[in-house]
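Asker: The structure's right below; bear with me while I get my questions together.
The values are calculated or read from the model by the stated rules, or taken from the named source; none is laboratory data. What you are looking at is a predicted structure, and each value in this text was computed from that prediction instead of being measured. Here the Cβ positions follow ideal geometry from the backbone for every residue, glycine too, while neighbour counts run over all protein chains shown.
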Amino acid sequence: MTTTLQETVAYYNNLDPETEKRVDALLAQMTLVEKIGQLVQLNPFAPFDPDDYEAKKREAEEAGAPFEYEPRLRDDMEDLLRGGRIGSFLNVMTPKVINHCQRIAVEESRLGIPLLVGADVIHGYRTIFPIPLAEASTWNPDLLERASRVAAEEASAAGVDWIFAPMVDVSRDPRWGRIAEGAGEDPFLGMAMARARVRGFQTTGLTSGRNVAACPKHYVGYGAAEGGRDYNTVDFSERTLRDVYLPPFKAAFESGAGAVMSSFNELGGLPVTANPSILRTILRDEWQWPGVVLSDYDAVRELIPHGVAANLREAARLSILAGLDIEMVSTAYHDHLADLVTAGEVPEALVDEAVRRVLRLKFRLGLFERPYTDESLHDAVILQPAFRELALETARESMVLLQNEDNILPLSPDVRLTVIGPLADNRADMLGCWSLHNHPEDVETVLEGLSAYLPGDTWSYQPGCPIRDDRTDGSGIETDIPAAVAATREADVVLLVLGESADMSGESHSRTTLGLPGRQQELVDAIAETGKPMVCVLMSGRPLVIPRLAAQVKGLLVAWHAGIRAGRAVADLLFGAANPSGRLTASWPRSEGQIPVYYAHKSTGRPAAESGTRQFAEAFKSVYMDEPNSPLFPFGYGLSYTTFTYANLQIAESMLGPDDTLRVSVTITNSGDRAGAEVVQLYVRDLVACVTRPVRELKGFQKIWLQPGEQRTVSFEVPVRDLGFSGLDMQYTVEPGDFKLWVGPNAVDGLEGAFRVCEA
Ligand code: NOJ
């Protein structure tokens with residue numbers, strides 16, 4: 001059973017009087033130390049001990065038992081739990097350990113307050129789905145909701161009650177490795193995906209009988225790190241904050257998210273962890289949001305290297321005063337908060353407020369009634385056939401066909417194929433950058449996927465070279481480009497399976513050059529010499545910079561890191577059992593020097609000509625001398641094996657008041673000969689306003705499936721109040737005036753119309 005949006009909103013973010021009474025009653029009994037305990041989040045394990053690991057492995061081998069390493073608890077953990085000095089865990093997903101610790105918290109601590117177990121379940125727990133950037137490329141929020149529900153099912157059976165996702169950071173910089181974890185460059189799309197994922201995580205009726213809270217992150221601005229370097233400085237205007245970076249968080253809260261994780265970065269000179277205007281003014285005063293604010297990992301201590309706190313005590317004071325509730329991993333609150341309160345530097349009422357929020361979440365999750373996890377469930381719940389099927393559906397819909405010259409795809413089953421590239425026979429990298437509980441043996445490789453379609457004697461495989469250079473790659477693949485070239489001799493088509501390894505994106509994995517890593521481009525150059533037609537399946541955790549590759553291959557399918565069903569999904573698409581329907585959610589630059597390149601840019605006072613710019617062609621315009629302004633592949637772009645035509649754009653009312661709704665419709669026809677899906681996108685431009693506005697902004701999208709020849713009228717309804725922005729006084733405003741709109745297949749093409757917003 002799926003809960004409605006209203007129910008989840010009510011569940012976590014409404015102050016229901018019964019819960020408030022329970023919170024007050026409990027709070028009244030708590031000592032200061034116990035209160036502070038609720039604000040402490042730690043990993044309960046001792047640092048990894050390789051000797052212990054080896055010894056346990058040997059023991060299991062001698063006993064012929066399967067080996068699953070269980071790390072040791074920290075020596076002080078049980079005492080901390082008994083003393084009520086710890087309120088939550090992170091990244092423990094072992095039901096036995098969780099129950100053991102929970103039993104101490106519930107049965108042996110004075111007040112018996114249950115622990116809250118949080119974990120990173122970013123694109124699946126055991127059923128690993130495509131990375132979130134890929135998931136967003138489905139443009140199918142319903143699918144994401146279902147995928148998130150599967151993640152919640154599995155994680156909840158492992159004892160997790162709090163999922164540190166969705167990551168809703170808008171990012172316009174593919175150098176930043178964490179672009180992989182979000183929905184891409186656009187706030188409107190980000191809002192849709194945030195809502196879907198929160199609904200999915202927070203649905204009720206999970207097999208475990210327990211509930212899960214979502215934790216959108218990283219609040220806020222993290223995706224705008226200077227130079228795309230992780231954890232780096234962020235400095236943008238309040239208007240950009242409000243119009244671009246905040247909306248997906250607001251959408252997540254409106255969908256009922258009961259918590260948020262603050263970000264590592266500074267914003268305009270003040271780290272978010274210690275930033276009261278971000279943590280208090282916006283969240284509490286403006287939005288009246290009652291949820292929990294959790295720091296990021298060690299971020300309170302990091303106020304010291306940021307240079308705003310001289311020591312841990314000061315870091316604790318700044319954070320609690322700013323409005324940070326729970327400290328993750330560092331121990332500033334644990335070590336110093338009691339003293340700060342006693343010394344009168346922090347009002348106890350502030351601590352009470354934070355504790356109240358944590359207790360509220362615990363009550364709402366039902367932890368007091370159901371603190372334990374049924375350990376027998378885990379194995380039955382994970383990796384169910386329906387979950388694997390959904391992972392396949394998501395993987396297929398996430399992949400984006402960028403080129404298909406001469407309709408080289410789909411391949412015919414009697415094609416003679418040579419498969420080349422380090423990622424064709426690879427499991428580990430399909431799992432993407434953020435899956436803690438993955439098992440590579442769950443993954444289907446591309447070669448395995450292909451074998452479902454091709455008889456054994458019609459194809460061959462050569463890796464050609466490792467993903468990175470031979471020394472650091474660790475895959476055991478040795479570069480042998482001549483062998484790869486020789487293998488193509490009999491081929492009708494060469495299928496290249498290339499790209500990044502999973503650990504080239506994600507946290508702390510930013511890159512400055514975004515071409516094919518290692519010697520892969522050299523490999524392609526050598527194959528290109530043979531003149532054989534090439535199709536490339538490109539795997540990555542980000543938009544890559546591939547103008548050379550794109551010019552060499554006829555077919556180009558972006559497959560990202562697509563999870564456990566990656567191989568089957570690739571094969572289904574290559575052979576036409578499924579029709580590509582993914583669309584980019586972040587622009588693919590022509591060169592690193594263009595970054596940031598995104599569709600919703602401003603016009604500038606010297607805009608380039610609409611047709612794009614060329615070297616030296618447009619002097620004294622906002623252009624580069626050596627590169628067009630446009631990306632290689634724009635936001636929203638992606639091909640299908642069929643074609644769609646757009647006609648009959650209708651705007652119901654072209655003069656609208658501020659309380660009206662913009663109603664737009666268009667007729668889409670599947671004009672090809674295969675069934676397929678189109679993502680119909682609605683963009684607007686506010687032509688003149690008191691502040692500059694983007695040249696296009698996404699305001700609606702619908703993914704529709706059409707049979708060959710089928711026609712459908714697609715209608716959009718956009719409330720005029722959603723066409724606003726932060727005005728001169730930084731208040732949200734919708735200004736009267738003229739707008740353009742486009743309905744089309746991406747951020748560049750489409751039918752054009754116009755409407756006007758009039759005074760009230
Ligand atoms: C740091 C990451 O920024 C955050 O996304 C994650 O949830 C925490 N570590 C906990 O693992």
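Asker: Hey, among Y245, Y231, which residue is modelled with pLDDT of 95 or more, touching a Gly at 6+ places or on another chain (Cβ under 6 Å) and among the aromatic types (F, W, Y)?
Answerer: After applying the criteria, what remains is Y245.
Asker: One residue is enough: does the range 569-589 have a residue meeting the conditions within 23 Å of the chain's Cα centre (by Cα) and assigned by TED's automatic domain parsing to the domain that holds N438? Please lay out each step first, then the result.
Answerer: Kept after step one, since they are within 23 Å of the chain's Cα centre (by Cα), are these residues of the range 569-589: 569-570, 580-589.
Of the ones still in play, those that are also assigned by TED's automatic domain parsing to the domain that holds N438 are 569-570.
Yes: the range 569-589 contains one or more residues that are within 23 Å of the chain's Cα centre (by Cα) and assigned by TED's automatic domain parsing to the domain that holds N438.
Asker: Sticking with this one: A619 versus (1) more than 30 Å from L447 (Cα to Cα); (2) touching a residue at least 12 places away in the same chain (Cβ under 8 Å): which is the lone unmet condition?
Answerer: Against the list (1) more than 30 Å from L447 (Cα to Cα); (2) touching a residue at least 12 places away in the same chain (Cβ under 8 Å), A619 comes up short only on (2).
Asker: Mind checking whether some residue in the range 307-322 is more than 30 Å from E441 (Cβ to Cβ), within 16 Å of the ligand (Cβ to nearest atom) and among the basic types (K, R)?
Answerer: no
Asker: Another question about this same structure. Counting only residues that are hydrophobic (A, V, I, L, M, F, W, C) and over 18 Å from G182 (Cα atoms), which one in the range 233-268 is nearest to the ligand (Cβ to nearest atom)?
Answerer: Applying the filter and picking the extreme gives L267.
Asker: Could you tell me whether the range 82-93 includes any residue that is closer than 18 Å to R370 by Cβ, of a type in the set (V, I, T) and modelled with pLDDT under 95?
Answerer: Looking for residues that are closer than 18 Å to R370 by Cβ, of a type in the set (V, I, T) and modelled with pLDDT under 95, one finds at least one in the range 82-93, hence yes.
Asker: Could you check, for the range 140-147, whether at least one of its residues is assigned by TED's automatic domain parsing to the domain that holds C215, in contact with a His (Cβ under 9 Å, 6 or more places away or on another chain), away from the ligand (no atom under 16 Å from the Cβ) and of a type in the set (D, E)? Give the steps one after another, and end with the answer.
Answerer: Kept after step one, since they are assigned by TED's automatic domain parsing to the domain that holds C215, are these residues of the range 140-147: 140-147.
Now narrow it down to the ones that are in contact with a His (Cβ under 9 Å, 6 or more places away or on another chain): 147.
Filter again for away from the ligand (no atom under 16 Å from the Cβ), leaving 147.
If we keep only those that are of a type in the set (D, E) as well, we get none.
Checked against the condition, which is being assigned by TED's automatic domain parsing to the domain that holds C215, in contact with a His (Cβ under 9 Å, 6 or more places away or on another chain), away from the ligand (no atom under 16 Å from the Cβ) and of a type in the set (D, E), the range 140-147 yields no hits at all.
Asker: Moving on. Among the residues of the range 245-267, what is the count of those that are hydrophobic (A, V, I, L, M, F, W, C) and within 16 Å of the chain's Cα centre (by Cα)?
Answerer: Going through the range 245-267 one residue at a time, the tally reaches 7.
Asker: When the range 207-232 is examined, which residues are found to be among the polar types (S, T, N, Q) and within 16 Å of the ligand (Cβ to nearest atom)?
Answerer: Selection gives N232 alone.
Asker: OK, next. Output the residue which, of all residues in the range 579-605 that are of a type in the set (A, V, I, L, M) and surrounded by fewer than 24 Cβ atoms within 10 Å (Cβ to Cβ), is farthest from D525 (Cα to Cα).
Answerer: Checking each candidate, the answer is A600.
Asker: Within the range 104-122, can you find the residues that are more than 16 Å from the ligand (Cβ to nearest atom) and out of contact with any helix residue (DSSP H, G or I) (no Cβ under 9 Å at 6 or more places or on another chain)?
Answerer: Pass one, the range 104-122, residues more than 16 Å from the ligand (Cβ to nearest atom): 104-115.
The answer is V106, E107.
Asker: Looking at the range 324-337, which of its residues are in contact with a Ser or Thr (Cβ under 9 Å, 6 or more places away or on another chain) and either of a type outside the set (S, T, Y) or part of a helix (DSSP H, G or I) (or both)?
Answerer: L324, D325, I326, E327, M328, V329, A332, Y333 - these are the residues of the range 324-337 that are in contact with a Ser or Thr (Cβ under 9 Å, 6 or more places away or on another chain) and either of a type outside the set (S, T, Y) or part of a helix (DSSP H, G or I) (or both).
Asker: For the range 485-514, name all the residues that are closer than 20 Å to A550 by Cα and among the aliphatic types (A, V, I, L, M).
Answerer: Within the range 485-514, V485, V493, V494, L495, L496, V497, L498, L514 meet the criteria.
Asker: When residues of the range 323-353 are filtered for being within 16 Å of the ligand (Cβ to nearest atom) and free of Cβ contacts under 8 Å to residues at least 60 places away in the same chain, how many remain?
Answerer: Residues flagged as within 16 Å of the ligand (Cβ to nearest atom) and free of Cβ contacts under 8 Å to residues at least 60 places away in the same chain within the range 323-353 amount to 1.
Asker: Now, a different point. Quick check on my filter: what residues within the range 275-301 are in contact with a helix residue (DSSP H, G or I) (Cβ under 7 Å, 6 or more places away or on another chain), in a loop (DSSP other than H, G, I, E, B) and within 14 Å of the ligand (Cβ to nearest atom)?
Answerer: S295, A299, V300, R301
Asker: Looking at A349, A386, A391, which one is among the aliphatic types (A, V, I, L, M), buried (at least 23 other Cβ atoms within 10 Å of the Cβ) and either outside any helix (DSSP H, G or I) or at pLDDT 95 or above (or both)?
Answerer: Testing whether each residue is among the aliphatic types (A, V, I, L, M), buried (at least 23 other Cβ atoms within 10 Å of the Cβ) and either outside any helix (DSSP H, G or I) or at pLDDT 95 or above (or both) leaves just A391.
Asker: Identify all residues within the range 16-52 that are among the hydrophobic types (A, V, I, L, M, F, W, C), part of a helix (DSSP H, G or I) and surrounded by 12 or more Cβ atoms within 10 Å (Cβ to Cβ); write none if there are none.
Answerer: V23, L26, L27, L32, V33, I36
Asker: Taking the range 53-95 as the region of interest, how many residues are in contact with a Phe, Trp or Tyr (Cβ under 9 Å, 6 or more places away or on another chain), part of a loop (DSSP other than H, G, I, E, B) and touching a residue at least 60 places away in the same chain (Cβ under 8 Å)?
Answerer: Of the residues in that region, 3 qualify.
Asker: Another question, if that's okay. If the requirement is being aliphatic (A, V, I, L, M), touching a residue at least 60 places away in the same chain (Cβ under 8 Å) and under 30 Å from E181 (Cβ atoms), which of these qualifies: A452, A491, A484, A424?
Answerer: Answer to the check: A424.
Asker: Do any residues in the range 173-193 that are on the phi < 0 side of the Ramachandran plot have Cβ atoms under 8 Å from those of residues that are of a type in the set (F, W, Y) and in a helix (DSSP H, G or I), where the two are at least six apart or on different chains, and which pairs are they?
Answerer: R178/Y222; P187/Y245
Asker: Would you check which residues across the range 156-177 are crowded, with 24+ Cβ neighbours inside 10 Å and more than 13 Å from the ligand (Cβ to nearest atom) and list them?
Answerer: S156, A157, A158, G159, D161, V170, S171, D173, P174
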